[in-house]
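K.L.:
Got a structure here, written out as structure tokens. Questions coming.
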Amino acid sequence: MRVAVIGLGRMGWPIAGHLAHLEHGHEVKVFDIANAASTAWADEHAGEAAESVADAVGQADVIISSLPADKQMQVVVDEALAHIGTGTIWLDHSTISATGARRFADELSSRGAHFLDAPVSGGVDGARNGSLTVMVGGDEDAFVRAEPTMAAYAGRVTHMGPSGAGQITKMTNQICVVGVAQALAEGLDFAINAGLDPEKVVHVMTQGSSTSWEMENRAAQMIAGEYDFGFSTTLMRKDVGLVLDEASAMNVSLPVTALVAQFLADVHALGGADWDWCSLMERQRRLSSPGNRSAPDDSGEPSPAG
Ligand code: NAD
């Protein structure tokens with residue numbers, strides 16, 4: 001099976017790496033607009049660096065993309081289209097709009113190929129240890145054919161419905177996490193201001209009804225004011241923007257998500273564009289809680305980034 005991987009960022013690099021392992025039996029060709037990334041990847045793995053999108057996709061049975069947003073996807077699809085063979089399956093792991101996913105599916109269909117929108121959850125750690133969750137929209141037969149490829153780097157892969165259904169599922173995921181993270185920031189800040197030991201509070205709450213993925217995986221960093229890791233505020237703002245556009249088109253009201261979108265803009269303005277988005281805690285500390293304006297080191301800056 002010949003696989004082209006386009007976009008060798010924090011997610012695409014390890015995904016391509018898993019595919020290149022001999023036991024998965026894939027011939028991997030990679031392309032990134034930053035040529036140095038393609039050659040560096042090929043130096044480290046059993047695979048080849050392509051010179052262009054056309055070179056990468058020309059012989060591919062499966063194309064995998066992991067690109068920042070709709071704009072970059074459109075550039076790459078435009079470059080690839082004339083070079084894609086009939087029956088090729090394109091698995092897009094980028095988080096983009098559902099409208100974009102449906103448009104790319106139509107464009108690929110005109111070449112006798114299949115486009116599956118397949119956004120992921122699990123972050124950079126999930127990509128590195130091959131345990132990503134993948135939510136897929138598009139043709140079901142193409143999904144069944146693509147499943148063994150995704151098994152090289154994913155723990156759970158689910159077909160959600162027609163084109164766009166994968167992206168809508170990812171949006172639902174993001175709606176469900178943003179409000180929880182903001183509530184966690186407020187709760188922790190409240191406990192700290194009240195003079196409680198926040199770590200002890202978290203220890204108690206993780207065994208109670210308020211527990212969540214955020215509490216189990218992010219509370220310690222929020223208490224310590226450490227945000228120099230993880231899923232950036234910039235990426236989360238992009239995802240929430242996609243959600244709010246889609247909700248507006250559907251006439252669905254998402255008041256909490258819209259409010260947290262504003263709070264994420266505040267974090268960006270505080271210098272947190274690259275901080276993990278659990279830095280909603282930093283906003284809470286500095287803007288909403290006058291008695292506790294700074295992280296524990298009392299410098300007024302989050303510990304590692306500042
Ligand atoms: P990234 O910015 O690290 O990587 C994107 C890569 O695409 C870069 O290497 C860039 O050079 C390359 N690129 C940009 N334009 C290109 C073009 N025209 N042709 C070829 N290559 C091009 O981003 P990432 O963190 O790897 O995320 C990729 C996608 O996965 C995004 O849509 C993101 O929302 C989604 N995602 C990321 C995470 C995460 O934790 N990082 C988690 C879930 C989903």
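The values are calculated or read from the model by the stated rules, or taken from the named source; none is laboratory data. Treat the numbers as computed from the prediction; the structure is a model and nothing was measured. All Cβ positions, even for glycine, are placed from backbone atoms using ideal geometry, and neighbour counts span all protein chains on display. Heavy atoms of the whole protein, side chains included, go into the accessibility calculation; ligands, DNA and RNA do not. Shrake-Rupley method; radii C 1.70, N 1.55, O 1.52, S 1.80 Å.
K.L.:
What whole-number value in Å² describes the accessible area per residue of the stretch 1-98 for a 1.4 Å probe?
P.N.:
Per residue, the stretch 1-98 has an accessible area of 42 Å².
K.L.:
Any idea what Rg and Dmax come out to for the stretch 2-162 if you just take the C-alpha atoms, in Å?
P.N.:
Computed over the Cα atoms of the stretch 2-162, radius of gyration and Dmax are 13.9, 39 Å.
K.L.:
Okay, next question. Take the alpha-carbon centre of the stretch 253-287, take the same for the stretch 90-168, and report the distance between them in whole Å.
P.N.:
29 Å
K.L.:
Restricting to Cα pairs below 8 Å that are 6+ residues apart, what does the relative contact order work out to for the stretch 2-162? Please round to a whole percent. Display every interim value, and only then the final one.
P.N.:
On the way: 330 pairs, mean separation 31.5, N = 161.
About 20 percent, as a whole number.
K.L.:
Among 89, 223, 168, which one shows the highest mean-square fluctuation when the chain is modelled as a Gaussian network with alpha-carbon springs under 10 Å?
P.N.:
223
K.L.:
Compute the distance in nm between two label points, each set 7 Å from the Cα along the Cα-to-Cβ direction, one at residue 147 and one at residue 247.
P.N.:
3.4 nm
K.L.:
If you bin the C-alpha pair distances of the stretch 207-277 every 10 Å from 0, what whole percents do you get?
P.N.:
Taking all Cα pairs of the stretch 207-277, the binned fractions are 18, 41, 32, 8 percent.
K.L.:
Please report, as a whole percent, how much of the solvent-accessible surface of the stretch 125-164 comes from carbon and sulfur atoms (probe radius 1.4 Å).
P.N.:
Of the solvent-accessible surface of the stretch 125-164, carbon and sulfur hold 44 percent.
K.L.:
Give, in whole angstrom and from largest to smallest, the semi-axes √(5λ) of the equivalent ellipsoid of the chain, with λ running over the eigenvalues of the Cα gyration tensor.
P.N.:
Taking √(5λ) for each eigenvalue gives 38, 20, 17 Å, largest first.
K.L.:
Quick check: the distance between the Cα centres of the stretch 202-219 and the stretch 1-35, to the nearest angstrom?
P.N.:
36 Å
K.L.:
State the percentage of accessible surface on the stretch 168-287 attributable to carbon and sulfur atoms; use a 1.4 Å probe and exclude ligands, DNA and RNA. Walk me through the numbers on the way to the answer.
P.N.:
Working: 3290 of 5690 Å².
With neighbouring chains kept in place, the figure for the stretch 168-287 is 58 percent.
K.L.:
Can you give the accessible area of residue 13 in Å² (nearest 10), computed on protein heavy atoms with a 1.4 Å probe?
P.N.:
Probe radius 1.4 Å; accessible area of residue 13 about 70 Å².
K.L.:
Continuing with this model, one more query. Treat each spin label as a single point 7 Å out from the Cα along the C-beta direction, and report the residue 216 to residue 21 distance in nm.
P.N.:
2.4 nm
K.L.:
Now for a separate question. So between residue 59 and residue 82, what do we pick up on full extension, going 0.36 nm a residue minus the alpha carbon distance?
P.N.:
Taking 0.36 nm per residue and subtracting the Cα distance, the gain is 7.1 nm.
K.L.:
Let me ask something additional. Quote the relative contact order of the chain in percent (integer), defining contacts as alpha-carbon pairs under 8 Å separated by 6+ residues.
P.N.:
RCO, the chain: 13 percent.
K.L.:
Pop the C-beta distance of residue 75 and residue 199 into the FRET formula with R0 = 45 Å and round what comes out to the nearest 0.05.
P.N.:
Rounded to the nearest 0.05, the efficiency is 0.45.
K.L.:
Output wanted: per-residue J couplings in Hz (rounded whole) for the stretch 162-179, from phi through Karplus 6.51 cos²θ - 1.76 cosθ + 1.60, θ = phi - 60°, x for Gly and Pro.
P.N.:
The phi angles translate into x, 3, x, 5, x, 5, 5, 5, 4, 4, 4, 4, 5, 4, 6, 8, 5, x Hz.
K.L.:
Can you give the % of DSSP beta bridges in the stretch 2-162 that are antiparallel, to the nearest 5?
P.N.:
10 percent
K.L.:
Measure off, as a whole percent, the carbon and sulfur share of the 1.4 Å-probe accessible area of the stretch 1-73, all protein chains present.
P.N.:
Of the solvent-accessible surface of the stretch 1-73, carbon and sulfur hold 53 percent.
K.L.:
What list of ³J(HN,Hα) couplings, whole Hz, do you get for the stretch 190-207 from phi and the Karplus terms 6.51, -1.76, 1.60, once you set θ to phi - 60° and write x for glycine and proline?
P.N.:
Once rounded to whole Hz, the list reads 4, 5, 5, 4, 7, x, 7, 7, x, 5, 5, 4, 5, 4, 6, 5, 5, 9.
K.L.:
Per residue, how large is the accessible surface of the stretch 168-287? Use a 1.4 angstrom probe and give square angstrom.
P.N.:
Dividing the accessible area of the stretch 168-287 by its residue count gives 47 Å².
K.L.:
Towards the positive end of the charge dipole of the stretch 54-175, with charges on Cβ (+1 Lys, Arg; -1 Asp, Glu), say which of 142, 85, 67 has the farthest Cα.
P.N.:
Of the options given, the answer is 67.
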